[in-house]
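The values are calculated or read from the model by the stated rules, or taken from the named source; none is laboratory data. Please read these numbers as outputs of a predicted model, since none were measured by experiment. We place every Cβ from the backbone using ideal geometry, glycine too, and count neighbours over all the protein chains shown. Heads up: the accessible areas ignore ligands, DNA and RNA and are worked out on the full protein's heavy atoms, side chains in. Shrake-Rupley method; radii C 1.70, N 1.55, O 1.52, S 1.80 Å.
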Amino acid sequence: MGLGRLQAWLLGLPTAVVYGSLALFTSILHNVFLLYYVDTFVSVYKINKTAFWVGETVFLLWNSLNDPLFGWLSDRQFLSSQPRSGAGLSSRAVVLARVQALSRHGPLLALSFLAFWVPWAPAGLQFLLCLCLYDGFLTLVDLHHHALLADLALSAHDRTHLNFCCSLFSAAGSLSVFASYAFWNKEDFSSFRAFCVTLATGSGLGFLGATQLLRRRVEVARREPGCSALAVDGSLCGEELLVGSEEVGSVTLGQYLRQLTRHRNFLWFVGMDLVQVFHCHFNSNFFPLFLEHLLSDHISLSTGSILLGISYVAPHLNNLYFLPLCRRWGVYAVVRGLFLLKLGLSLLMLLAGPDHLGLLCLFIASNRVFTEGTCKLLTLVVTDLVDEDLVLNHRKQAASALLFGMVALVTKPGQTFAPLLGTWLLCFYTGHDLFQQPPMTPIGSAQPWPEPPAPAPAQAPMLRQGCFYLLVLVPITCALLQLFTWSQFTLHGRRLHMVKAQRQNLSRAQTLDIKTV
């Protein structure tokens, strides 16, 4: 009886809650991975420097290429309107395919996460294989999860609601960072290993359960005309929408890339997002450094660790406030407001100088939180670009995962530029070279920066001043570039409403065509 009630309760959960829970099962693993994988291989497994950097270099290449590769493999059939074997692919079948992919790749992501914490091969080989396997499955999960955001809902209001639930569950998943401090011990690794096994088991089972619930809703929607149990806005209600009712030539990868180069809003968006990804990873890489050289004399080590942990949770909580604003004013206006806020706070901090400690503390925290929060809002913009791509190129089905992959291909180099440009600027202005101190932090990692030896007394003020200018001038430059590129982006207001209406009209037209066959 109790089991039956539990099953009924689970089946009664809103679609947005089930969809958002997938973000929880990813974030509980990924935040722990970011914090500890480097320290594990350097301090516990004693990987040598050459093997470490070979692994990081291969990882960077793989990390940049796998998004468009997996997106193309997933969605290439949607670019063609030619039917396969006389049968088309329905919108509901597309959602079901994505859910089934998540049910496979989610548990495999959990298994690849476990592979980091048990030595099973030479350290260099294990490092390379673990990074590539984990990032591959993480990319597959992220692509299909983000693509579902575009496939489950059409209206901006409902997509914002889905994203709201993702932020809520991601914030809950970030608490694994705080719990991990209680188990992390380089000398006795068994307790931390057991903690990771617990996280991976919970994540894998969670993926299986959540995808099973989503699959049930797809099947219920197939039988019930109202289908309120599945679609947030009814986007999958009614008859099945077939891909391939007209016979035209298939679209090759080269043709698809040419279509993207003609997609003006896509080009302006990826230009802006490249700067945003750079700024997000710049803050992640240099956050501990700023705490050390600008605030270490005024805050304790434990306070710094708490601030670092909060910086993982706060962006998700912050989005719980900004997403309702997006429903009211639109994502474009909220993102533009955040860029203006970033510019205003940075100019105020520049004028105030590094000696106003209260303002400095607030700026360091808010700079990271608002920047990370903006990154999470931009997922909604990509879903709008999916709609515009479908309308502009007259596709029979939205190639959601592929477009997310192409955005990642263009913007992920920002992860590499952030630590390289940041350390070069710091060395240029102060003569202080962070890469002279082992162990070095890998490019694109969120691992806290290695503690450098104390600078000479004569160099300390110069280093502090250099860190301060790096702290304020980078966001000023990023904000100016982003305000310019964002001003060229036209997919908002009347044009966005027109694109939404055309996509909905296209769906209705396809339904009518099928009914007349």
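Observations on the model:
- Scan of segment 393-421 for residues that are among the hydroxyl-bearing types (S, T, Y), at pLDDT 80 or above and under 12 Å from H279 (Cα atoms), ordered by number: T411
Residues checked against (1) within 30 Å of Y45 (Cβ to Cβ); (2) part of a helix (DSSP H, G or I); (3) in contact (Cβ under 8 Å) with a residue 24 or more places away in the chain; (4) touching a Leu at 6+ places or on another chain (Cβ under 8 Å):
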residue	(1), (2), (3), (4)
F127	yes, yes, yes, no
D142	yes, yes, yes, no
H145	no, yes, yes, yes
A150	no, yes, yes, no
N163	no, yes, yes, yes
L168	no, yes, yes, yes
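- Looking across segment 390-404, the residues that are small (G, A, S) and touching a Ser or Thr at 6+ places or on another chain (Cβ under 8 Å) come down to S400, A401.
- Close contacts from segment 103-122, counting a first residue that is assigned to a helix (DSSP H, G or I) and a second that is of a type in the set (A, V, I, L, M) and open to solvent by 10 Å² or more (accessible area, probe 1.4 Å), with Cβ to Cβ under 7 Å and a gap of 6+ residues or different chains, come to S103/L208; H105/L140; P107/L208; L109/L138; S112/L133; L114/V197.
- Filter result (assigned to a helix (DSSP H, G or I) and either open to solvent by 50 Å² or more (accessible area, probe 1.4 Å) or hydroxyl-bearing (S, T, Y) (or both)) within segment 340-360: L340, L341, L345, S346, L347, L348, L350, L351, L357, G358, L359
- Total residues in segment 323-339, condition of a type outside the set (S, T, Y) and either open to solvent by 30 Å² or more (accessible area, probe 1.4 Å) or modelled with pLDDT under 85 (or both): 9
- The residues of segment 196-206 that are under 12 Å from F113 (Cβ atoms) and either open to solvent by less than 50 Å² (accessible area, probe 1.4 Å) or among the charged types (D, E, K, R) (or both), listed by number, are C196, L199, A200, G202, S203, G204.
- Of the residues making up segment 136-167, those that are over 24 Å from V331 (Cβ atoms) and open to solvent by 10 Å² or more (accessible area, probe 1.4 Å) are F137, L138, L140.
- Selection count where residues are farther than 30 Å from L425 by Cα, touching a helix residue (DSSP H, G or I) at 6+ places or on another chain (Cβ under 9 Å), assigned to a helix (DSSP H, G or I) and hydrophobic (A, V, I, L, M, F, W, C), scope segment 472-505: 3
- Some residue of segment 120-129 being in contact with a Ser or Thr (Cβ under 9 Å, 6 or more places away or on another chain), among the hydrophobic types (A, V, I, L, M, F, W, C) and either more than 14 Å from T26 (Cβ to Cβ) or surrounded by 23 or more Cβ atoms within 10 Å (Cβ to Cβ) (or both): no
- Count - residues of segment 37-52 that are part of a helix (DSSP H, G or I) and either open to solvent by 60 Å² or more (accessible area, probe 1.4 Å) or in contact with a strand residue (DSSP E or B) (Cβ under 8 Å, 6 or more places away or on another chain) (or both): 2
- Just one of the numbered conditions (1) farther than 20 Å from P419 by Cβ; (2) among the charged types (D, E, K, R); (3) at pLDDT 85 or above is not true of D273: (1).
- Lone qualifier among L73, L24, L34, L65 - being within 29 Å of Q255 (Cβ to Cβ), assigned to a helix (DSSP H, G or I) and either touching a strand residue (DSSP E or B) at 6+ places or on another chain (Cβ under 8 Å) or touching a residue at least 60 places away in the same chain (Cβ under 8 Å) (or both): L65
- Identity of the residue in segment 365-381, aliphatic (A, V, I, L, M) and open to solvent by 10 Å² or more (accessible area, probe 1.4 Å), that ends up farthest from the chain's Cα centre (by Cα): A365
- Among the residues of segment 408-417, those that are assigned to a helix (DSSP H, G or I) and under 17 Å from the mean Cα position of the chain (by Cα) comprise A408, L409, V410, T411, P413, G414, Q415, T416.
- Looking only at residues of segment 168-192 that are at pLDDT 85 or above, buried (at least 16 other Cβ atoms within 10 Å of the Cβ) and of a type outside the set (F, W, Y), we find that the one that is nearest to the chain's Cα centre (by Cα) is S170.
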